[in-house]
Amino acid sequence: MKQYLKNTFDGIYTVLVGMKITFKHLFTPAVTIQYPDVKVKLPDRVRNRLYVNMDDCIGCDQCSRACPVSCIEIETVKSIPGEDLGITSNGKKKALWVTKFNIDIAKCCYCQLCVFPCPTECIYMTDVYEFAEYERSNFLYKFATLTDEESAQKKINYEKFQAEKAAAAAKPKPETPAQTENKSE
Amino acid sequence: MALKTETMVLNMGPQHPSTHGVLRLELEIEGELILSVKPHIGYLHRCFEKHAEAMTYPQVIPYTDRLDYLAAMGNNFGYVIAVEKLLGIQIPERVEYIRIIMAELQRIASHLVAIATNGADIGALTPFLYLFRDREYILSLFEMTCGARMLYNYMWIGGLSHDIHPDFVRKTKEFIIHFRPTIIELNNLLTFNKIFIERTANIGILPIDTAINFGASGPVLRGSGLPFDVRREDPYSIYNRFDFEIPTGKGLVGTVGDCWDRYYVRVLEMEQSLRIIEQAIDNIPEGDVHSAIPKRIKPPKGTVYARVENPRGELGYFIISDGNLNPFRVKVRAPSFVNLEVMGELCKGHLVADVIAILGSLDIVLGEIDR
Amino acid sequence: MYQFLYDLIGNEILAGLLVAVVPLTIILVFALFGIWLERKVSAHMQDRLGPMRTGWHGWLQTVADLMKMLQKEDIIATDADKTLYNIAPVLVFSGSFAAYAVIPFSSKLLGSEVEIGIFYVLAISSLVVAGILMAGWSANNKYSLLGAMRAVAQIISYEIPTALIVLSMVMLMGTLSLDKISQMQTSSFWNWNIFGGAVFGLSKFLLIPFMFIAALILFISTLAEVNRVPFDIPEAESELVAGYFTEYCGMKWGMFMLAEYGNMFAVSAIIVILFFGGYQSPIGYFGNSIGVQWLVPFEQGFWFIAKGLTLVFVQMWLRWTLPRLRVDQLMTVCWKYLIPYAFLNLIIIGIISLL
Ligand code: SF4
Ligand code: SF4
């Protein structure tokens with residue numbers, strides 16, 4: 001009987017305690033924001049969409065090798081003497097034409113492993129996070145600045161140069177341009 | 001005269017509001033009474049262990065994030081400790097301190113989700129939102145530090161990906177001050193609510209010997225009354241420097257080892273984590289968090305097993321190295337996987353509604369179970 | 001109201017239909033408002049904002065949802081019993097709609113002045129049970145079936161404490177007519193039944209505590225009858241997905257929702273009538289004091305709806321505070337707690353009213 005009355009009392013009392021708490025919260029200001037209208041300020045280290053500053057990329061392929069999901073695809077063609085590719089902002093001399101620099105952002109897991117090894121700090125994560133697409137193919141971001149014809153031209157140039165060099169040395173060197181080998185998952 | 005009736009098989013999940021992901025429970029029921037429960041797993045299988053064999057050691061870390069995605073810091077922690085053991089490297093003090101603060105913050109965040117979902121499964125949706133509000137705060141601390149909210153890839157072999165943000169210490173202290181009243185509020189609103197007690201006390205009692213036999217760990221084991229905590233039993237990192245208690249289930253409102261005990265152990269653990277953070281936050285030594293990161297991670301041949309106390313229990317990594325850049329084998333001892341085993345034992349003789357309460361109190365994460 | 005319209009139009013059917021339109025409008029408007037209110041109340045209790053985009057603080061959100069629901073494809077599972085499946089929502093809705101027929105919103109606005117109003121409400125609300133059972137059975141879904149089983153057990157059990165409290169009130173008031181009960185509690189809140197009724201004397205003061213208990217029991221048991229938290233186990237979304245209406249979609253689902261919100265207000269109205277003076281103003285009428293007689297019924301309507309909404313708010317408040325009970329505990333609460341208390345209360349009120 002005592003337990004019975006205690007249960008009744010506990011039941012009502014704890015409910016009232018809970019109601020008091022929720023009632024108090026009825027008047028505390030909301031902690032949520034109206035998202036598309038109001039946006040939170042993201043911290044500066046935030047990891048979202050990748051961006052590659054192609055002016056600085058030397059095509060060293062380190063980012064691609066660091067990526068655990070192999071979503072960066074890089075193809076490069078060596079430049080021939082006489083071509084000036086400029087230097088990067090931290091003073092490295094570029095020697096490779098980057099004919100292909102694709103990031104499949106749909107595969108990317110935003111781990112940031114590609115960012116750290118880059119010698120010129122040209123691949124980095126931005127604070128853009130709203131980039132939904134209707135087509136999956138749109139997620140293949142192509143960063144290479146050269147057009148297809150240009151890269152084809154560069155390839156031909158290089159092959160020509162190789163052939164010339166081979167002819168000059170009469171002893172061809174078996175060398176192919178550095179290429180990314182993509183392990184498929 | 002007993003009426004001859006058929007039992008009914010009810011599939012709970014993989015699409016069900018409270019199976020915490022994609023678990024499928026096959027319930028054999030008679031009316032609402034449970035005769036047997038069979039968990040079916042594998043809907044979230046992502047071949048983590050096979051993947052790891054094709055990755056270099058640092059590349060595995062983002063994958064470990066995705067095991068127990070509610071406690072990614074803890075997962076990183078276990079993995080890097082294992083590899084560091086294999087490499088035999090010393091890591092700077094600063095790194096140790098930051099790692100411990102992160103792991104404890106993560107423990108709070110993870111327990112918040114566990115408590116919140118346990119409450120929400122039983123029908124209390126409001127505490128859920130309050131606790132998620134505070135979890136957001138922790139996630140913002142992480143975001144500020146490493147840029148990600150859930151899958152951090154923060155702890156690296158030999159160091160950390162980023163040093164802490166200049167504001168981190170201040171904001172963490174703010175969080176502690178702000179968070180203590182939340183625990184009290186939670187206790188008033190949910191923990192000691194009569195209905196909640198009725199729903200969880202004396203439900204799903206896990207006796208201590210059964211818990212040990214099944215290999216349960218974490219709050220599930222401690223809820224049964226055994227103060228087993230890897231942080232104390234097998235101190236890794238610098239846990240032996242801190243003063244904290246190991247809360248166990250006492251059967252305060254029911255029997256030792258019931259759902260309420262498992263739940264309450266988590267509430268008490270949050271308080272202990274706060275204590276550890278408080279002890280660590282002011283003593284972070286100066287140093288460079290990148291200094292001990294090896295240029296090339298190529299451990300010698302050998303095997304290693306390292307375990308950490310993740311929010312869900314003992315998380316162990318068994319790594320075999322054949323001296324290459326890739327691990328030969330990475331095996332994960334996932335606490336949720338082991339803890340889920342007791343499900344069938346706990347549910348017998350209870351009602352359908354209790355399955356939800358029991359599952360909530362076991363606090364499983366499917367990412368870790370299916371890997 | 002019917003009499004008035006009948007005199008005006010002179011056609012029974014037309015007058016009857018017109019009378020029926022009033023509660024229908026009220027139920028629809030209330031459902032729209034109630035769902036919005038529920039969202040806002042829950043949101044603010046949870047430190048959120050709730051719907052904000054459609055109209056001022058999202059007040060058009062429910063209308064937008066209604067539009068969406070009307071456009072939805074009506075999916076019926078192949079193995080469902082189609083006839084029952086289609087009838088069920090209508091039955092559930094009509095059960096709660098019919099209860100409005102006798103609720104006096106003000107002294108002038110009531111559908112039918114039946115003498116046995118309260119009895120009628122108790123009876124007609126049981127129609128809902130049939131609808132729920134149909135819905136749960138016909139959908140051929142195990143969750144629906146479990147939900148329906150729970151719902152039926154729950155609603156039928158909780159009718160007993162409800163009936164006991166109603167009985168004690170009827171005993172005290174000596175009438176079954178909701179209008180008369182309201183009329184008796186006139187002029188000031190001190191005359192409301194919760195404060196012992198209009199008859200001044202010793203018994204009034206003796207009655208007050210028991211009236212509070214009675215009101216509480218009635219509130220709890222009606223809460224269970226309309227499946228609100230902590231008694232929402234028939235539709236416990238974390239256990240049974242959505243209970244008996246798991247398989248419904250589109251406007252049929254909407255009908256269940258309408259019925260739920262209609263019921264919420266209906267039971268609040270009953271409590272208001274029995275304990276909180278019905279449509280009577282707690283502080284006297286503005287219309288009377290300035291001598292504008294036609295204002296009085298409007299004021300009464302206002303007070304009635306205000307009181308009803310307050311109770312609805314309390315229902316929502318409870319919902320967003322409490323976890324839900326388990327099915328056996330629900331029965332425990334009913335049979336072991338509410339019914340004995342209600343019985344005791346009935347006896348004590350009986351004795352006091354004899355004094
Ligand atoms: S962030 Fe990670 S997954 Fe994405 S491209 Fe860089 S390395 Fe690859
Ligand atoms: S690491 Fe940097 S420089 Fe090298 S290829 Fe990648 S983006 Fe270009």
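The values are calculated or read from the model by the stated rules, or taken from the named source; none is laboratory data. Since the structure is predicted, the reported quantities are computational estimates derived from the model, not experimental observations. Using ideal geometry, Cβ is built from the backbone for each residue, glycine included, and neighbour counts are taken over all protein chains shown.
Against the numbered list (1) more than 28 Å from C:Ala148 (Cβ to Cβ); (2) of a type in the set (Gly, Ala, Ser); (3) touching a Gly at 6+ places or on another chain (Cβ under 9 Å), C:Gly55 comes up short only at (3). Residue pairs whose Cβ atoms lie under 8 Å apart, sitting 6 or more positions apart in sequence or on different chains, and linking a residue in region A:132-157 that is more than 22 Å from A:Asp61 (Cβ to Cβ) to a partner that is part of a helix (DSSP H, G or I), are A:Glu133/A:Phe139.
Of the candidates C:Gln315, C:Gln329, C:Gln300, the single residue that is in a helix (DSSP H, G or I), crowded, with 17+ Cβ neighbours inside 10 Å and within 14 Å of chain B (Cβ to nearest Cβ) is C:Gln329. Can you spot a residue in region A:5-21 that is more than 16 Å from ligand 1 (Cβ to nearest atom), closer than 30 Å to A:Cys108 by Cα and not assigned by TED's automatic domain parsing to the domain that holds A:Tyr141? Within region A:5-21 (the criterion being more than 16 Å from ligand 1 (Cβ to nearest atom), closer than 30 Å to A:Cys108 by Cα and not assigned by TED's automatic domain parsing to the domain that holds A:Tyr141), the answer is no, since none of the residues qualifies. Filtering region B:114-149 to residues that are more than 12 Å from chain C (Cβ to nearest Cβ) and in contact (Cβ under 8 Å) with a residue 60 or more places away in the chain leaves B:Ala114, B:Ile115, B:Phe142. Within region A:138-146, one or more residues are assigned to a loop (DSSP other than H, G, I, E, B) and within 16 Å of ligand 1 (Cβ to nearest atom).
Answer with yes or no whether A:Asp61 is modelled with pLDDT under 85 and within 16 Å of ligand 1 (Cβ to nearest atom). Spelling it out, A:Asp61 is indeed modelled with pLDDT under 85 and within 16 Å of ligand 1 (Cβ to nearest atom). Looking across region C:182-198, the residues that are surrounded by fewer than 18 Cβ atoms within 10 Å (Cβ to Cβ) and either touching a strand residue (DSSP E or B) at 6+ places or on another chain (Cβ under 6 Å) or at pLDDT below 75 (or both) come down to C:Thr186, C:Ser187, C:Ser188, C:Phe189, C:Trp190.
Looking at the structure I just gave you, is B:His16 part of a loop (DSSP other than H, G, I, E, B) and modelled with pLDDT of 85 or more? No; evaluated as a whole, the condition is false for this residue.
Restricting to region C:113-132, give me the number of residues that are polar (S, T, N, Q) and buried (at least 18 other Cβ atoms within 10 Å of the Cβ).
Selection size over region C:113-132: 1.
Of the helices (runs of 4 or more DSSP H) lying entirely inside region C:93-210, the ones with 3 or more residues being of a type in the set (Ser, Thr, Tyr) are found at C:142-173. Among the residues of region A:104-118, which ones are under 8 Å from the mean Cα position of the chain (by Cα) and more than 10 Å from ligand 2 (Cβ to nearest atom)? Once the filter is applied, which keeps residues that are under 8 Å from the mean Cα position of the chain (by Cα) and more than 10 Å from ligand 2 (Cβ to nearest atom), region A:104-118 yields A:Ile105, A:Cys108, A:Tyr110, A:Gln112. Against the numbered list (1) away from ligand 2 (no atom under 16 Å from the Cβ); (2) outside any loop (DSSP other than H, G, I, E, B), A:Glu133 comes up short only at (2). Are any residues in region A:52-84 more than 14 Å from chain B (Cβ to nearest Cβ) and not in a loop (DSSP other than H, G, I, E, B), and if so, which ones? A:Val52, A:Glu73, A:Ile74, A:Glu75, A:Thr76, A:Val77, A:Lys78, listed by residue number. Residues of region B:274-291 that are crowded, with 18+ Cβ neighbours inside 10 Å and touching a Pro at 6+ places or on another chain (Cβ under 9 Å): B:Gly287, B:Val289. Restricting attention to region A:74-82, does a residue exist that is within 11 Å of ligand 1 (Cβ to nearest atom), crowded, with 17+ Cβ neighbours inside 10 Å and touching a residue at least 60 places away in the same chain (Cβ under 8 Å)? Checked against the condition, which is being within 11 Å of ligand 1 (Cβ to nearest atom), crowded, with 17+ Cβ neighbours inside 10 Å and touching a residue at least 60 places away in the same chain (Cβ under 8 Å), region A:74-82 yields no hits at all.
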